Amino acid sequence: MNPAVTDATSTPPKVNLLGMTRSQMEEFFVSIGEKKFRAAQVIKWIHQLGVDNFDEMSNVSKALRSKLAQIAEIRPPEVTYKEYSNDGTRKWVLKVGENSMVETVLIPAEGGRKTLCVSSQVGCALDCSFCSTGKQGFQRDLSIAEIIGQVWVANRSYFEENQDYDSRERAITNVVMMGMGEPLLNFDAVVPAMELMLDDYAYGLSKRRVTLSTSGIVPMIDKLSEVIDVSLAVSLHAPNDELRNELVPINKKYPLKELTAACRRYLSKFQEEGGRRKVTIEYVMLAGVNDQAIHAKQLIQLLKDVPSKINLIPFNPFPQAPYGCTPRSEILAFQRTLTEAGYICTIRTTRGDDIDAACGQLVGKVQDRTRRAERWQQKLKAGEIVRSVQ
């Protein structure tokens, strides 16, 4: 058969509307000869009401629904596994390619808050030594639809037994881009996905309730401030360059002086009257590594000019992890030092550990494809790595 004939007669792939921002959706409807206002209608059906079938969109004409069914689709990532924890945490494993999977975790809290931890990449290239995701190595970036699809899946899970569209309410109250991958290394997909999170016709989240967490890609922090206003978190984990070079290798390229300066620039761009905006500093507690009194003092000095709040994270071990978790009493002492210095300092409550959903366990019982953790342990035993406390 002539290939040209095959190409001419083959059916073009359907357009996935799930990953379109409102402006992109408006362009799509104009391109098919429809009015722009249809974009807001369809976005509301998809994201607020969790609909993936055009026939259910009752305020859209039958003719348009038929046209959309022929040329478009609403296709979220495929849920291959889900589990709900005893403490209310929910976890989904999502298939995003032939052999690629990511996980997203929803964490409930008092007052009805539901925070969703969203992934931006399959695996991660940054190889932070305490993070199970980095042991997969990096496979690829997620698309806009694959990122916002995690929010769609989690939000829809609360509609599973509710067929009454009029009574459905937005279930997700907060989103943190803290799952698998480094969000700022997938900038072109992460930013539009966050735009949908903020869009009143989609998830309608406050810009204070959408947080992007970065390991410290300094130029991209500056670029982020130019295009969207969301809360910023930094995976710090060490208060001096020598130790952070070991724990978070990207620090060798963007050391702490540059990173803290970028944080100050970001805050100055959006600072409110009274200086209430703060960067969230994430600090995983590793026994005997970064949890000594001198580290707390170094952290106080490092952040003295950076409006910040500090979140101490108990380390959750994973297979071949070269660390243990700091004892609770020592975490409390570390917190007390920071609090007495005037910082807001919280200790993250570990949730979902019965379903491998706690922080640092996003890849579950990880298979260390790159053998990075094993090599790190060998270097440590050989004395090639010296943990700095100075």
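The values are calculated or read from the model by the stated rules, or taken from the named source; none is laboratory data. From a predicted model like this one, the values you see are computed outputs, not experimental measurements. All Cβ positions, even for glycine, are placed from backbone atoms using ideal geometry, and neighbour counts span all protein chains on display.
Annotations
- Some residue of the range 317-332 being among the polar types (S, T, N, Q), assigned by TED's automatic domain parsing to the domain that holds Ala262, assigned to a strand (DSSP E or B) and at pLDDT 85 or above: no
- For Ser268, the conditions (1) over 30 Å from Gly324 (Cβ atoms); (2) part of a helix (DSSP H, G or I); (3) within 23 Å of the chain's Cα centre (by Cα) are fulfilled apart from (3).
- Answer residue from the range 334-350, given it is free of Cβ contacts under 8 Å to residues at least 40 places away in the same chain and not in a loop (DSSP other than H, G, I, E, B) and is nearest to Asp291 (Cα to Cα) among those: Gln335
- Which listed residue is assigned by TED's automatic domain parsing to the domain that holds Trp152, more than 22 Å from Thr21 (Cα to Cα) and modelled with pLDDT of 95 or more, from Val279, Val227, Val191: Val279
- Among strands (runs of 3 or more DSSP E) entirely within the range 70-176, having at least 3 residues that are closer than 26 Å to Pro317 by Cα and not small (Gly, Ala, Ser) singles out 78-84, 90-95, 101-108, 114-117, 138-141.
- Checked against the criterion of being at pLDDT 90 or above and basic (Lys, Arg), the candidates Arg156, Arg168 yield just one match: Arg156.
- Qualifying residue in the range 162-172 (condition: surrounded by 20 or more Cβ atoms within 10 Å (Cβ to Cβ) and touching a strand residue (DSSP E or B) at 6+ places or on another chain (Cβ under 9 Å)): yes
- Selection of the range 103-133 for residues being within 17 Å of Met197 (Cβ to Cβ) and of a type outside the set (D, E, K, R) yields Thr104, Val105, Leu106, Ile107, Thr115, Leu116, Cys117, Val118, Ser119, Ser120.
- Pick from the range 177-188, criterion at pLDDT below 95 and of a type outside the set (A, V, I, L, M), ranking: farthest from Trp92 (Cα to Cα): Gly181
- Check on Lys91, among the basic types (Lys, Arg) and touching a helix residue (DSSP H, G or I) at 6+ places or on another chain (Cβ under 7 Å): yes
- Test: Asn290 is modelled with pLDDT under 95, assigned by TED's automatic domain parsing to the domain that holds Ile221 and surrounded by 18 or more Cβ atoms within 10 Å (Cβ to Cβ): no
- Scope the range 190-207; condition touching a strand residue (DSSP E or B) at 6+ places or on another chain (Cβ under 6 Å) and closer than 24 Å to Leu236 by Cα; matching residues: Met194
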